[in-house]
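Working notes, beginning with the structure itself.
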Amino acid sequence: MEELLRQLTTLVQSLVDDMSVMKQDMQTVKQKLGNLEKRMDKLEQRMDKFEQRMDTLEQRMDKQEEELRWLKEQMKENTEMIKAIRDNQLEQRSIQDGMRHEIANLRGEMAGIREQMATKDELPRLREQMATKEDISLIHQRLDYQLGRIARVEEEIYLLKKAE
């Protein structure tokens, strides 16, 4: 029986030793779990910061996309305005060319008139052929009309140059 008691004591001692080892292992596991929990907390904090940064980046991207939309719209409007100005310039050039042609005709007519100017000896004969007041009035009206056209074109040219 003593032998059995020794064996039992040895067995109990062995169990106690095993339990001590298990307690130590459990404490090690608890420490590791505690460290793991701390790491998980830090990781969660980092994830929160990362999510905040991502939200900030998304907001910035939204602002940039809105600015890009606005810039595209502004560019479209500017292009349309430039096209309109170019068309207007072509129209103005056409008007100017017409006016130059008309001025050249008037100069030609004036040169012809100068050639036909009379001397003192021809004056009595020419007085009989002179234009009436109505003829002179029509000539003045035509000159006023042409001068008005010239003034309008010069004003438009000035405005176009100013707009450029």
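Some notes on this structure:
- A residue that is open to solvent by 100 Å² or more (accessible area, probe 1.4 Å), farther than 30 Å from Lys161 by Cα and not basic (Lys, Arg) occurs nowhere in the stretch 82-96.
- Cβ-Cβ contacts under 6 Å between residues 6 or more apart (or on different chains), taken from a first residue in the stretch 128-153 that is of a type in the set (Gly, Ala, Ser) to a second residue that is surrounded by 11 or more Cβ atoms within 10 Å (Cβ to Cβ) and at pLDDT below 90, are absent.
The values are calculated or read from the model by the stated rules, or taken from the named source; none is laboratory data. All values derive from a computational prediction rather than experimental measurement. A quick note on method: Cβ atoms are made from the backbone with ideal geometry, for glycine too, and the neighbour counts reach across all protein chains shown. To get the accessible areas, we keep the full protein, side chains included, count just its heavy atoms, and leave off ligands, DNA and RNA. Shrake-Rupley method; radii C 1.70, N 1.55, O 1.52, S 1.80 Å.
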